[in-house]
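Quick note: the coordinates plus some simple rules give every number you see, no bench work behind them. Just so you know, these numbers come straight off a predicted model, no measurement behind them.
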Amino acid sequence: MTETARPMRADAARNRARVLEVAYETFAAEGVAVPIDEIARRAGVGAGTVYRHFPTKEALFQAVFEDRVRHIVDDGRALVASEGPGEALYAFMRGMLQTGTADHGLFDALASYGFDVEAATTGAEKEFLGVLDELLAAAQAAGTVRADVGVPEVKALLMVCKSNYEYGNGVAERVVDVIIDGLRA
């Protein structure tokens, strides 16, 4: 006989949701190096509460990261339909720049800083690379992106975009414009 899982108590569900919210905000603002005890303190719960829901920092980051990547993948696929294949990749890159300026933890993970991304995200990285491949292939088929560029190069260019947000006054946006001009067929 198999046991059915009991539903989570309302207070436990609220605590879990609060921990995820604070973890996302903390990772986004400060990157993935913030200790779990600090996330617990900011969430107003004990470290034991965090560890009860997320036994490791990687498990906590995985929950946050998978949710963020799921939204990015959905947005990328929607862009192909709404923007058309020629401009969808460029719109995606601009969106990633906006995300990256506010979300250090996501970009740290995509750049593989501090975590074994594949182990911590169980396939989310593959989903991200998959949608990037879809966007790139569609743009190349439409003749708007150079044929000699692959997903690894576009991912690396996205990381370059992230590194420029620190310079202020629209530098990152201009860097994306230069990158996009360089990608054009």
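Points worth noting:
- Amide H partners (placed H, <5 Å) of A185, local residues excluded: V145, R146
- Start at zero, step by 5 Å, and the Cα-Cα distances of the range 30-92 spread as 4, 16, 19, 16, 10, 9, 9, 9, 7, 2 percent across the bins.
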